[in-house]
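I have placed the structure first, in the form of structure tokens, so that the comments after it can refer back to it.
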């Protein structure tokens, strides 16, 4: 990094990115956080050694990159306090639903990148979708990538509307995985395993299957078929899922998530 980085909001996602930047070698003195809650400021200072202040001020003008890690409903008010100090910066938003048109208007700059990370970023295994406005340069993109890769992998999309689908898939996706882990662990306990054994098996199965899918040159459909012998145990389970139309209901649930992302933009992102 060639300049200071400011974070507006110091919650879990900001902490994950800051932690990754520090591991990359960025100095804590080159990071500034604006965080209204005293408890969060104390945690940032204690755990990460970075300066966190309650309100935005002229010190933000030193930042070449401003990362927006605020809740969608607070973005507009936060932007009003920051705008005068950071018009020369590149802005990276991790706020769900808030469209770049609104962000650009609130901040008075076209150098805006939107991204949708997910919570595995907390352990360096995140998956982040990104969209850049036309004014964002190749150098800007490289700087954003350097920041985001501290939390895991990334994927650029060409159209901003695609970020709503990213939100529904990978942004909300960890919760779907945790939901299935819960169900598998509960089923294991019902079938006579201890809760601890069931949870270990469920988590290990997800980790192993994901690693296999990532390493394989074949798609998930082929991998699924290879462990599904007709008339066997896996076949019995998957047949039951098909009869219950679980895939169809799951896809519908993801569409609900995408629609809610659109609603958030309409509700909190009007210029």
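Rounded to the nearest 10 degrees, the inclination of helix 246-268 to the longest alpha-carbon principal axis of the chain is 10 degrees. With contacts taken as Cα pairs under 8 Å and at least 6 residues apart, the chain reaches a relative contact order of 16 percent. With Cα atoms as the point set, region 173-261 shows a radius of gyration and Dmax of 14.6, 42 Å. The order of the peptides 98-109, 123-134 by mean Cβ neighbours within 10 Å, most packed first, is 98-109, 123-134.
The helix-based estimate of mean residue ellipticity at 222 nm for the chain, built from -39,500 (n - 2.57) per DSSP H run of four or more residues and divided by its residue count, is -15500 deg cm²/dmol to the nearest 500. The mean sequence distance of close C-alpha pairs (under 8 Å, at least 6 residues apart), as a share of the length of region 162-239, puts its relative contact order at 16 percent. Once C-alpha pairs closer than 8 Å and six or more residues apart are averaged by separation and normalised to the residue number of region 1-146, the relative contact order reads 21 percent. What is the angle, in °, between the Cα long axis of helix 12-24 and the longest principal axis of the Cα atoms in the chain? Nearest 10 is fine, range 0 to 90. Rounded to the nearest ten degrees, it is 80. Regarding region 123-271, what is the average projected area of its C-alpha convex hull, in nm²? Averaged projected area of region 123-271's Cα convex hull equals 12.2 nm². Against the chain, whose longest principal axis is taken from its Cα atoms, helix 38-48 shows a tilt of about 80°. Give me log10 I(q)/I(0) at q = 0.17, 0.22, 0.33 Å⁻¹ for region 153-196, Debye formula, one equal scatterer per alpha-carbon, no solvent. Log10 of I(q)/I(0), two decimals: -0.59, -0.74, -1.06.
Over the chain, all Cα pairs binned in 10 Å intervals from 0 give whole-percent P(r) values of 6, 25, 31, 19, 13, 5, 0, listed from short to long. Residue ranges 71-83, 143-155, 205-217 sort as 143-155, 71-83, 205-217 when ordered by packing (mean number of other C-beta atoms within 10 Å per residue, highest first).
Where the eigenvalues come from the Cα gyration tensor of region 4-157, what are the semi-axes √(5λ) of the equivalent ellipsoid, largest first, in whole Å?
Semi-axis lengths for region 4-157 are 20, 19, 14 Å.
FYI, it's all coordinate maths here, none of it is from the lab. Just so it is clear, the structure is predicted and the values come from calculations on it, not from any experiment. We place every Cβ from the backbone using ideal geometry, glycine too, and count neighbours over all the protein chains shown.
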